[in-house]
There are 2 protein chains.
Amino acid sequence: MNLTGSITLAHGSGGRAMHQLVDDLIRQTFTNPLLAEGEDQARIPLTELTANGDRLAFTTDSYVVTPLEFPGGNIGTLAINGTVNDLAVGGAKPLYLSCGFIIEEGLALETFARILQAMKLAADEAGVQIVTGDTKVVQRGGADKLFINTAGVGVIPAGFSPSAGSAQAGDVIIVNGWLGDHGVAILNARGDLALDADIETDCAPLNRLTEAMFAVCPDIHCLRDATRGGLATVLNEFAERSGVDFVLKEEYLPIRTPVRGMCEILGLDPLYLANEGKLVAVVPADAAPAVLDAMKHIPEGRDACIIGEAVEGDGHVILQTAFGGERIVDMLPGEQLPRIC
Amino acid sequence: MNLTGSITLAHGSGGRAMHQLVDDLIRQTFTNPLLAEGEDQARIPLTELTANGDRLAFTTDSYVVTPLEFPGGNIGTLAINGTVNDLAVGGAKPLYLSCGFIIEEGLALETFARILQAMKLAADEAGVQIVTGDTKVVQRGGADKLFINTAGVGVIPAGFSPSAGSAQAGDVIIVNGWLGDHGVAILNARGDLALDADIETDCAPLNRLTEAMFAVCPDIHCLRDATRGGLATVLNEFAERSGVDFVLKEEYLPIRTPVRGMCEILGLDPLYLANEGKLVAVVPADAAPAVLDAMKHIPEGRDACIIGEAVEGDGHVILQTAFGGERIVDMLPGEQLPRIC
């Protein structure tokens with residue numbers, strides 16, 4: 001397909017122009033047998049699901065990040081990895097994604113094609129297929145360039161049931177590496193700060209990592225990716241639902257110096273910054289060494305570390321500072337950074 | 001939840017305000033056991049799938065209709081029925097939906113609650129559950145009030161395989177009633193026409209209807225809902241993929257007088273108008289009487305009728321006019337009515 005020019009309302013009309021966009025660009029890029037059938041739905045033999053476990057996992061996220069492209073990724077990589085990760089942290093093997101585009105009239109076809117290409121690469125890396133989709137176009141000013149929704153299905157092996165409500169006193173909290181990179185990368189890419197931090201998004205698929213973790217510890221108590229709202233939000237959800245407190249050691253928190261510096265300049269708290277390739281695991285203390293070791297053998301877990309523990313309590317997250325002080329880390333009351341994902 | 005006021009950026013932040021919106025309004029409205037688990041994904045026993053057939057059906061659509069509310073429905077009813085229908089016309093029993101909201105800052109909470117309520121009613125009517133979701137908020141001007149994405153999963157009973165490429169010469173074309181109502185209802189609701197046509201959207205779930213049709217004819221050749229692009233677009237897809245021609249009899253086409261009148265005034269062709277509760281079936285001629293009879297026993301099929309037949313050919317749709325003339329009905333080259341669904 002000729003990629004000069006831009007998206008017009010005709011590309012969303014249901015007629016010939018839309019069929020060309022869908023067939024010649026989208027299907028061509030995402031190419032796989034299920035898409036090739038050309039139906040309005042993908043049809044997947046149930047035997048392919050039952051071979052992988054006993055429960056279907058089903059999730060969705062919309063992506064509205066601005067700008068569309070930023071150091072280390074774009075809205076397309078986010079849309080694939082975000083949904084892959086939502087499945088993975090539930091214990092599932094991610095298998096199939098749907099993809100819904102809402103495009104603002106005027107988006108350059110070249111930009112759209114580049115984002116599609118990034119989605120294909122991300123899907124291949126994560127081992128998932130984009131098998132069904134939808135394209136809508138709205139008039140100029142009706143949306144901001146491009147929004148993407150992905151929904152995903154996967155299968156959860158028997159016995160894996162991580163849940164926000166399963167943390168127990170004595171459990172250990174593990175993260176797989178540097179916190180806040182995505183948030184800072186996006187802020188920086190917006191360009192109105194004129195800061196020179198060389199930070200890329202951490203956007204990455206986490207399913208290889210979670211597979212390795214479950215292999216050594218099928219009984220992971222809580223597992224979640226720390227996206228919007230950051231580490232603090234995830235731990236507050238776990239604490240509230242489990243009825244325990246979490247105690248974090250400030251000096252254990254893996255935060256890069258430029259991220260910490262940018263947060264200080266801007267008055268942001270890195271605990272609330274969004275990540276797109278970071279998970280938070282709460283595991284039984286006796287399993288923690290094996291989980292950490294398994295994580296360090298996977299690229300996405302290389303920098304894994306323990307950041308704290310669960311204690312008897314009533315649902316709070318407490319940060320012990322390097323100077324011996326303590327403060328409650330509450331859930332973010334309002335809004336920190338809009339359109340971060 | 002207090003419904004005065006409107007959506008703010010904080011409702012999309014991942015923090016406390018978003019959790020309140022999601023827990024107190026969205027989960028409360030859609031209430032069901034899978035949502036109640038409070039995880040970022042729904043977990044569905046595979047036995048619930050294998051009990052219903054041998055293939056998973058998976059589909060998605062985004063809805064960007066304007067205005068949000070119109071005679072006979074709103075964007076929420078559309079988002080449920082549209083995805084239910086995409087599953088149903090593939091032969092599937094629709095089971096579970098995901099739901100992704102992209103909300104413009106400033107949307108009245110009352111409006112959002114009304115749309116959620118309509119979604120719940122539509123889901124109940126269709127017998128599906130909304131089991132997972134996502135909420136994003138963009139700043140004023142970043143989107144137009146509200147966009148909704150739904151993805152759906154269902155299960156296809158063994159042996160059902162309608163496909164756009166399966167039409168054969170001799171087959172009969174059936175629709176389940178009046179064409180173009182949705183398109184005209186939306187046009188009218190936009191209010192800039194000052195026409196007084198009293199037309200409601202035909203938005204309805206079609207899964208009861210398709211179930212009755214498959215019960216008497218498991219070998220339905222082609223089946224599709226005639227949404228964006230209308231009857232003409234669906235039949236062109238069938239004709240191209242099957243390598244047959246379709247001959248439509250103009251006097252058989254069920255089009256209400258006010259719809260026909262509005263099309264004449266505006267220079268629109270009712271064959272391209274969007275429907276949200278209409279399907280097009282291509283069935284073996286000998287099965288047609290039983291299929292028609294089964295359809296007429298279901299409310300959504302009461303006005304079902306034969307509109308033409310498939311003949312040997314090379315992929316064209318031909319309209320025989322009441323006066324004995326013939327014209328080719330091509331796929332819409334460009335754009336007729338943006339944001340109709």
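The values are calculated or read from the model by the stated rules, or taken from the named source; none is laboratory data. Keep in mind that what you see is a predicted model, and the values were worked out from it rather than measured. With ideal geometry, Cβ positions are generated from the backbone for all residues, glycine too; neighbour counts draw on all protein chains shown. Note: areas computed on protein heavy atoms with side chains; ligands, DNA, RNA excluded. Shrake-Rupley method; radii C 1.70, N 1.55, O 1.52, S 1.80 Å.
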Violations at 30 Å Cα threshold for listed pairs B:LYS93/B:LYS145; A:LYS145/A:LYS278; A:LYS136/B:LYS278 -> B:LYS93/B:LYS145
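In µm²/s, what is D for the protein assembly as shown at 4 °C and 1.567 mPa s, where D = kT/(6 pi eta Rh) by Stokes-Einstein and Rh is the Kirkwood radius from Cα pairs? Walk me through the numbers before you get to the answer.
Values: Rh = 25.8 Å.
It comes out at roughly 50 µm²/s.
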Once A:ARG114, A:ARG27, A:ARG339 are ranked on solvent-accessible area with the largest value leading and a 1.4 Å probe, the list reads A:ARG114, A:ARG27, A:ARG339
Pull up all non-local amide H partners of A:ILE130: gap of 5 or more, or a different chain, and H-to-H distance under 5 Å with H placed in the peptide plane.
-> A:LEU97
Quick one: label points 7 angstrom along Cα→Cβ at B:GLY170, distances to the other copies in nm, smallest first?
-> 7.4
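Taking all protein chains in place and a 1.4 Å probe, what share, in percent, of the accessible surface of chain B do carbon and sulfur account for? Walk me through the numbers before you get to the answer.
Values: 5830 of 11690 Å².
Reported share for carbon and sulfur atoms: 50 percent.
Quick check for me: using +1 on Lys/Arg Cβ and -1 on Asp/Glu Cβ, what's the dipole size of region A:224-341 about its Cα centre, in debye to the nearest 20? Kindly include the intermediate steps, with their values, before the conclusion.
Values: 11 positive and 19 negative charges, 96 e Å.
With only Lys, Arg, Asp and Glu charged at Cβ, the dipole is about 460 debye.
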Shape category assigned to region B:256-324 from the gyration tensor of Cα positions, a/c cut at 1.5 = oblate
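Just the Kirkwood number for region B:172-328, please: inverse of mean 1/r across all distinct Cα pairs, in Å, one decimal.
Numbers: mean 1/r = 0.0629 Å⁻¹.
Averaging 1/r across every pair of different Cα atoms and inverting gives 15.9 Å.
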Based on the alpha-carbon gyration tensor of region B:152-254, what equivalent-ellipsoid semi-axes (square roots of 5 times the eigenvalues) come out, in whole Å, largest first?
-> 29, 18, 12
Can you give the charge dipole size of the protein assembly as shown about its Cα centre, rounded to the nearest 20 debye, using +1 on the beta carbon of Lys and Arg and -1 on the beta carbon of Asp and Glu?
-> 160
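Return the Rg/Rh value of chain A, two decimal places, where both radii are evaluated on C-alpha atoms and Rh is the Kirkwood radius.
Numbers: Rg = 20.8 Å, Rh = 20.9 Å.
Ratio value, two decimals: 0.99.
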For region B:9-156, count the residues as N, evaluate 2.2 N^0.38 Å, and divide the Cα radius of gyration by that value, please.
-> 1.04
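Run the dipole for region B:138-218 about the Cα centre, Lys and Arg Cβ at +1, Asp and Glu Cβ at -1, nothing else charged, and hand back the magnitude in debye, nearest 20.
My answer is approximately 380 debye.
Per residue, how much accessible area does the protein assembly as shown show when a 1.4 Å probe rolls over the protein heavy atoms, in square angstrom?
Ligands and nucleic acids excluded, the figure is 34 Å² per residue.
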Using a Gaussian network for chain B with springs between C-alpha atoms less than 10 Å apart, which of these wobbles most: B:THR321, B:THR132, B:THR66?
-> B:THR321
For region B:89-104, in residue order, the Karplus 3J(HN,Hα) values (coefficients 6.51, -1.76, 1.60; θ = phi - 60°; whole Hz; Gly and Pro = x) are 6, x, x, 7, 8, x, 10, 9, 10, 9, 8, x, 9, 10, 10, 7
All-pairs alpha carbon distance profile, region B:1-64, 10 Å steps from 0, percent | 16, 33, 33, 14, 4
Sorting from shortest, the nanometre distances separating the label point of A:THR4 (7 Å past Cα along the line to Cβ) from those of the same residue in the other copies are 5.9
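Return the value, in Å² to the nearest 100, of accessible area buried between chains A and B (probe 1.4 Å, both sides summed). Intermediate values should be presented prior to the final figure.
Working: alone 14890 and 14890 Å², together 23370 Å².
In total, chains A and B hide about 6400 Å² from solvent.
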If you put a point 7 Å past Cα along the Cβ direction, how far is that point for A:THR50 from the same point in each other copy, in nm, smallest first?
-> 0.3
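Restricting the count to DSSP beta bridges whose residues both fall in chain B, what percent are antiparallel, rounded to a multiple of 5? Before the final figure, lay out each step's value.
Working: 42 of 55 bridges.
Just about 75 percent of them are antiparallel.
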